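Here the structure is laid out as structure tokens; the discussion comes afterwards.
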Amino acid sequence: MPEGKITEIRNNLRLASDDELQQELGKAKENLFTFRYQAATQQLVDVMQIRRERKHIARVMTIQRQRELERGKTNQG
């Protein structure tokens, strides 16, 4: 994926609410399951979709964790 596209995705995720991030995570996990199933049955054309989806899941989870840590700092400080 071009760097500009990744930056755009990252910025869109940062602007999303917590609920939207949770929905995005669920959707991404479903997509990953589908891709793995298609790969197992040799129906998946582009195997890089699995890797891209795993990275997308990691991006969403990272933003969720960053927000969790930020909330912890504001509660302590």
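One table, with the values for the structure above:
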quantity: Listing of helices (runs of 4 or more DSSP H) fully contained in the chain that carry 3 or more residues being acidic (Asp, Glu); calculated: 18-40, 48-76
quantity: From 36, 10, residue being surrounded by 11 or more Cβ atoms within 10 Å (Cβ to Cβ), within 11 Å of the chain's Cα centre (by Cα) and among the basic types (Lys, Arg); calculated: 10
quantity: Any pair with Cβ under 9 angstrom, 6 or more apart, that starts in the range 30-41 at a residue that is over 17 Å from residue 57 (Cα atoms) and without any contact (Cβ under 8 Å) to a residue 60 or more places away in the chain and ends at one that is of a type outside the set (S, T, N, Q) and part of a helix (DSSP H, G or I); calculated: 39/50
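Only the coordinates and a few stated rules stand behind these numbers; no lab work does. Model, not experiment: these values are computed from the prediction. Cβ coordinates were reconstructed from backbone atoms using ideal geometry, including for glycine residues, and neighbour counts include every protein chain displayed.
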